[in-house]
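Only one structure is covered here, and it is reproduced in the block below.
Values in this text are rule-based calculations from the coordinates and carry no lab data. As the structure is a computational prediction, the values presented were derived from the model and not from experiment. A quick note on method: Cβ atoms are made from the backbone with ideal geometry, for glycine too, and the neighbour counts reach across all protein chains shown.
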Ligand code: SF4
């Protein structure tokens with residue numbers, strides 16, 4: 001892997017420079033292992049949606065250290081295929097430390113009594129079922145690993161390998177991977193796909209807010225389709241980043 005570019009703000013320059021100097025010649029999996037072992041990143045966990053491409057990052061994590069905590073936001077609105085996949089994939093990869101994080105029951109009772117908040121406000125629903133649970137789940141972690149890719153477009157187009165955001169480092173080992181590379185790696189590693197991929201879902205979120213897409217449509221166009229929303233809110237804009 002080679003340095004592509006670096007955008008930093010003064011307060012994080014030194015750290016970004018060190019990471020680039022130290023790790024720019026490593027392969028993706030070597031890089032992920034090195035960052036996990038790097039004391040500068042402190043306590044590291046991963047966050048996974050167990051969606052269409054998630055098996056690749058999770059397989060890399062399992063290969064490095066199967067005991068790394070993997071947070072799954074169990075929103076209560078997932079497709080049954082997703083909740084089954086969390087179980088089967090974790091078992092197959094030997095992941096030992098899955099953290100299921102659910103929305104606060106009292107808050108759900110107050111703000112989403114009958115479970116239809118997504119119909120009136122997707123932002124409020126994502127805040128209740130994703131953003132707040134993740135904030136709690138990340139307490140105690142200094143850094144987290146995410147599986148976002150640039151080819152998913154929109155805010156993700158400029159994604160960098162390492163970001164500093166909301167007081168934590170975020171490591172994006174697949175930032176520069178293409179859809180074709182991911183497909184090949186799935187085949188090479190014989191990874192099981194999320195069952196909805198075969199039904200036309202190249203990006204999978206909660207059931208009420210995800211639809212299948214037609215061939216040629218944008219990968220994420222089935223997420224909050226027909227709404228002016230592209231992200232659930234758990235990924236805020238980084239303050240700095242570095243591409244390795
Ligand atoms: S994706 Fe939809 S159902 Fe899931 S938390 Fe967001 S608004 Fe609610």
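For the chain, state the semi-axes of the equivalent ellipsoid (square roots of 5 times the eigenvalues of the alpha-carbon gyration tensor), sorted largest first and rounded to whole angstrom. Each step should come with its number before you reach the end.
Details: eigenvalues 155, 87, 68 Å².
Computed over the chain, the values are 28, 21, 18 Å.
Please give the contour-minus-distance gain from residue 113 to residue 135: 0.36 nm per residue of separation, less the Cα-Cα distance, rounded to one decimal in nm.
Separation in residues times 0.36 nm, less the Cα-Cα distance, equals 5.7 nm.
If a/c stays under 1.5 just call it rounded; otherwise compare a/b with b/c (prolate if a/b is bigger, oblate if not). Do that for the stretch 73-180, with a ≥ b ≥ c from the square roots of the Cα gyration tensor eigenvalues.
Since a/c reaches 1.5 and a/b is larger than b/c, the shape of the stretch 73-180 is classed as prolate.
In the stretch 149-186, which residues have a backbone nitrogen under 16 Å from the label point lying 7 Å from residue 230's Cα in the Cα-to-Cβ direction?
Answer for the stretch 149-186: 149-160.
For 184, 49, what ranking results if the residue with the fewest other Cβ atoms within 10 Å of its Cβ goes first? Don't jump to the answer; show the numbers that get you there.
On the way: 184 11, 49 23.
The fewest-first ordering by Cβ neighbours comes to 184, 49.
How would you rank 114, 44, 29, going from fewest to most other Cβ atoms within 10 Å of each one's own Cβ?
114, 29, 44
Once fully extended, how much extra length lies between residue 83 and residue 166, figured as 0.36 nm per residue of separation less the alpha-carbon to alpha-carbon distance?
In short, 27.0 nm is gained.
Report for the chain the percent antiparallel among DSSP-assigned beta bridges with both residues inside it, nearest 5.
50
Along the Cα-to-C-beta direction of residue 91, a point sits 7 Å from the Cα; which residues of the stretch 186-203 have their amide N less than 18 Å from that point?
191-196
Under the rule of -39500 (n - 2.57) per DSSP H run of 4 or more residues, summed and divided by the residues of the chain, what mean residue ellipticity at 222 nm is obtained, to the nearest 500 deg cm²/dmol? Walk me through the numbers on the way to the answer.
On the way: 9 runs with 79 residues, N = 244.
After summing the helix terms and dividing by the residues of the chain, the value is -9000 deg cm²/dmol.
Listing 109, 149 from the residue with the fewest other Cβ atoms within 10 Å to the one with the most, what is the order? Walk me through the numbers before you get to the answer.
Details: 109 9, 149 23.
Starting with the residue having the fewest Cβ neighbours, the order is 109, 149.
Assuming 0.36 nm per residue, please report the length gained on full extension of the stretch residue 180 to residue 67 beyond their Cα-Cα distance.
Gain in length upon complete extension: 37.8 nm.
Indicate the gyration tensor shape class of the stretch 122-244 (rounded, prolate or oblate), computed on the Cα atoms with a ≥ b ≥ c the square roots of the eigenvalues: a/c under 1.5 is rounded; otherwise a/b larger than b/c is prolate and the rest oblate.
Taking the square roots of the gyration eigenvalues as a ≥ b ≥ c, the stretch 122-244 is oblate.
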